[in-house]
Amino acid sequence: MSVTRVLALLAAAALLAAAPASVGAAGACTAERFSKNRVYAACTDLPTLGASVHWTYDPAASSLSVAFVAAPPSAGGWVAWGLNPTGDGMSGTQALVAAPKGGAYGVETYAIQGTSLGSPGSIAYKTTDLAAEVGADGRVQMFGKLALQNGTGEVNQVWQVGQVSGGSIGIHAMAAANMGAKGKLNLITGATTAVSGGSILRKKNTHGILNAVSWGILLPMGGIVARYLKTFKSADPAWFYLHVACQLIGYGVGVSGWATGIHLGNLSKGITYSLHRNIGIAVFALGTVQIFALFLRPKKDHKLRVYWNVYHHSVGYTIIILGIVNIFKGMSILNVEQKWKTGYIIAIGILGGVAVVLEVITWSIVLKRRKTEDKAYNGGASNNNGHLPLSM
């Protein structure tokens, strides 16, 4: 075999090996054109938000020229793309953010910590040639050049879009497409790997639903049963078993929701919702104490029963109030659609309305019963042996 043929075969093999670098060769990104004769060696269509990224990487100089293309949710919105050297999520991302500024788009850099964008400032990579503009298709095109660490090959990339309100960058949506806007990018081969954000979003939704049903609905229902149904003699002892059933089921579902929250916390390093977490821990702890307190409940005629009742009622109402407050805190964190907040408000409103109606009915029953017992007592026919009439 001649030297020429060998060289031809080697050249062909090299071209095949380099083929993945044009990962977007069959995608829409290859049809995108940029102003000022900007041309990039590779591109790929990202799996969410209709975005794409173009790049040219010089391994010898660890220099990355990049163009990110995405459509904001509405005209005049912002787009962002960045690299995360410490993880695969938002926290720790060294981001380029393009937003309207002075009638045109400008680019600023953000070193993101936690879930807050923070203020613009320097990032871990030296940046140059930052620019942004709106393309012919209405999507925002953002450009920049980053000096990476020596030996960089595969990177964690994060991208996002959102709205601008009153000149300020707003929080991005919490839809599956937004939560899944992250992945790995091999700058050498062009290979991309998506990092599943949908599974985390499902876990967050599961966490919210479990806690809303347990601490936010079942426990208030159990409290209503205990406070009002026991007034009706015909409901004794059924009210007690119904109360216990609501509280035990609510506690069991609540423990599942609490455990899911702990798991989510472990998955979200660097992201802490301190108040939401602390209230959740307090509700779980108090709920657990309530369950064990059932085994220490004195008999009705025991002298300590009145103190146990005061404790049980006080802690029970505290759990219900804290649980409802924390559910709304969780909804704010998840940025749920208004219809879910409205639905829960309606559910709580119905329970509150039922409680008001039963409060009126039970007080009328108690007052009539007291009046009857007082007449019987004054007539000498009372068998209550000096005890107070039945009260709430």
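Here are the numbers:
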item	result
Net charge of neighbours whose Cβ lies under 14 Å from the Cβ of M331, counting Lys and Arg as +1 and Asp and Glu as -1	+3
Solvent exposure of the range 31-195 as accessible area per residue, Å², 1.4 Å probe	45
In the range 240-324, trypsin sites (Lys or Arg not before Pro) in a DSSP loop with at most 11 other beta-carbon atoms within 10 Å	K299, K300, K303
Efficiency of FRET between R369 and T318 - r from beta-carbon atoms, R0 30 angstrom, step 0.05	0.50
Inter-site label distance for F232 and A28 at 7 Å from Cα along Cβ, in nm	6.1
Given charges at beta-carbon only (K, R positive; D, E negative), |dipole| of the range 31-195 in Debye	140
Share of carbon and sulfur in the accessible heavy-atom surface of the range 199-376 [1.4 Å probe, %]	71
Too-long pairs where the Cα-Cα distance tops 22 Å, listed order kept, from K36/K184; K145/K184; K101/K184; K230/K329	K36/K184; K101/K184; K230/K329
Projected label distance in nm at A347 and A176, using a 7 Å step from Cα toward the beta-carbon	2.2
Protein accessible area in the range 123-166, 1.4 Å probe - carbon and sulfur %	42
Reciprocal mean inverse distance between Cα atoms of the range 31-195 - Kirkwood radius, Å	15.7
Cα→Cβ-extended label distance, 7 Å offset, between Q338 and Y311, nm	4.7
Extension gain, V289 back to H302 (0.36 nm per residue minus Cα-Cα distance, nm)	2.6 nm
Per residue solvent-accessible surface (Å²) - the range 199-376, probe of 1.4 Å	59
Charge sum, other residues only, whose C-beta stays under 12 Å from G257's C-beta, Lys/Arg counted +1 and Asp/Glu -1	+2
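The values are calculated or read from the model by the stated rules, or taken from the named source; none is laboratory data. Being a predicted model, the structure only gives us computed values, none of them experimental. Every residue, glycine as well, gets a Cβ built from its backbone with ideal geometry; the counts of neighbours run over all protein chains shown. The accessibility values were calculated without ligands, DNA or RNA, using every heavy atom of the protein model including side chains. Shrake-Rupley method; radii C 1.70, N 1.55, O 1.52, S 1.80 Å.
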